[in-house]
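In what follows, a structure is listed as structure tokens, so that the remarks can point back to it.
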Amino acid sequence: MSHPFFYLCINGKFCKMYRTAALKALREKLSAMNISAIIIPTNDPHFGEYTQDHYKVREWLSGFNGSAGTLVVTLAEAALWTDSRYFVQAAAQLQGSGIKLMRMKMEGTPTIAQWILSQYPQGDVVAIDKSLFSYSEYESLCKELSPCKVVLIDDIFDDLWDGRPQLKFNPVIWLETKYTGESASSKHERITNALGLQDERFAYIVTMCDEVAWLCNIRGTDIEYNPLPQSYAIITNTAIHLFADLDSISSEVQQKLLQDKIELHPYSSFSTLLSQFPADTVRVVSKNKITVRDYMALDTPGVRFIEDPILGGTVNYYKSIKNNWEKDGFCKAFILDGVAWCKVLKFIDDSLAQGATLTEWEIGCKFAEFRALSEYYRGESFEPIVAFGPAGALPHYSAT
């Protein structure tokens, strides 16, 4: 859910003042650090489309709460890039903020690098959070922003964002093979064989939460609208190493994971452990799926890196090939969802026949209500898109 403050006053004068004050405080912080610009993405260290509220710095600063966008703040200006799904929404939410809307892929819209260089043609210092940018993004920015210097910084917003939400960790759910069709130990064997590194010590790094969940046969509710626990994994020759909040894993689930050749580690120890692999351990990574922070932790003297041999990632590739149990689950889910749809449509017809007035919000709630009647329901996959009248042309509209 978006920061509740913005729901209360997104169109109010106080909210504009609040955002202005937040931007002013950020600029003072940057100036004290001798930094002239900062790039603020939407993602978290796992590069998922959805994130916990803790990482919604872009939304907190700008008021724009769409799922995609990048904010750039300099000492004098600010601009936000987003795609065509959000042009109307962003224009409304940025109004009065002093932040320029950059409509991506539209003629005349500069790239982030072009805009920063227009502000600092002779070069200056541009900061990025090393835990939020992939190593490949970092390499590209260093080239595109020259003669500007890209500096890596830690998260600076804990001091600036009063009341910033903390990371949350909810109970981890273990899925039986009647749902997954394959044990984690079997997946480990298949992926190890696909890498072809049986004769070498290796560490395959998995940072995407959905890939970790598939690999370890676990689910969770840490990330809204996603059945995922906040987690990492490392595949080695002998085991899968799962990094998650151990207090969120019951003793029963821990037992099942250990029986399936999954070794457990605290979520916060991931980066530290990366730096402790022996030099003769081959590091298998996708540069676009690992943060600068974690890549540099792996990059100790004398080590050998191998780019993931399958485009998009070996784990992601095998995850995409569904077995019969998974296919059967998809079919059942669509049938159950179709039943809920029929009930919603009947509710609308019956309500209108009785002269009732319905709102977008009310219909959206009905979808969740009727889906929840199934014993297999575990939550919505995204906010309901129920739109009428002027809102009907907005592809990602959600009523509040």
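Summary table below
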quantity	calculated
Inter-centroid distance (Cα atoms) of the range 242-271 relative to the range 302-369, Å	28
Inter-label distance, nm, simple model (7 Å from Cα along the C-beta direction), Val303/Gln255	3.7
Proximal aspartates and glutamates to Lys343, defined as alpha-carbon separation beneath 17 angstrom and excluding residues fewer than eight positions away on the same chain	Glu360, Glu362, Glu369, Glu375, Glu380
Pairs from Lys149/Lys289; Lys261/Lys332; Lys289/Lys332 whose Cα-Cα separation, in the structure shown, is over 27 Å	Lys261/Lys332; Lys289/Lys332
The range 233-307 shape via C-alpha gyration tensor axes, a/c threshold 1.5	prolate
Stretchable slack from Arg103 to Ala91, in nm (0.36 nm times residue separation minus alpha-carbon distance)	3.3 nm
Whole-number accessible area per residue in Å² for the chain, which is evaluated in the context of all protein chains at 1.4 Å	50
Portion, in percent, of the accessible area of the chain that falls on carbon or sulfur, probe 1.4 Å	55
Separation between Cα centres of the range 174-215 and the range 112-129, rounded to whole Å	41
Contact order normalised by residue count of the chain, Cα under 8 Å, 6+ apart, percent	13
Straight-distance crosslink candidates among aspartates and glutamates, where the alpha carbon sits under 19 Å from Lys143 and sequence neighbours closer than 8 are dropped	Asp124, Asp129
Gain in span if fully extended, Asp199 to Thr359, counting 0.36 nm per residue against the direct Cα distance	51.3 nm
Aspartates and glutamates with Cα under 15 Å of Lys105, excluding same-chain neighbours fewer than 8 positions away	Asp83
Spatial extent of the chain: Rg and Dmax, with the Cα atoms as the point set, Å	23.2, 75
Dipole axis of the chain (+1 Lys, Arg; -1 Asp, Glu on Cβ), positive-most option in Gly123, Ile262, Thr281	Gly123
Under the span-like rule (Cα at least 27 Å along the axis, Kyte-Doolittle mean at least -1.0), DSSP H helices of the chain	13-32, 324-353
Full-extension gain in nm, Glu369 to Ser118, via 0.36 nm per residue minus C-alpha separation	85.3 nm
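The values are calculated or read from the model by the stated rules, or taken from the named source; none is laboratory data. All of these numbers come straight from a predicted model, not from anything done at the bench. Quick reminder, even Gly has a Cβ in these numbers, built from the backbone with ideal geometry, and neighbours come from all protein chains shown. For the accessible areas, the whole protein counts, side chains as well, though only heavy atoms, and no ligand, DNA or RNA atoms are used. Shrake-Rupley method; radii C 1.70, N 1.55, O 1.52, S 1.80 Å.
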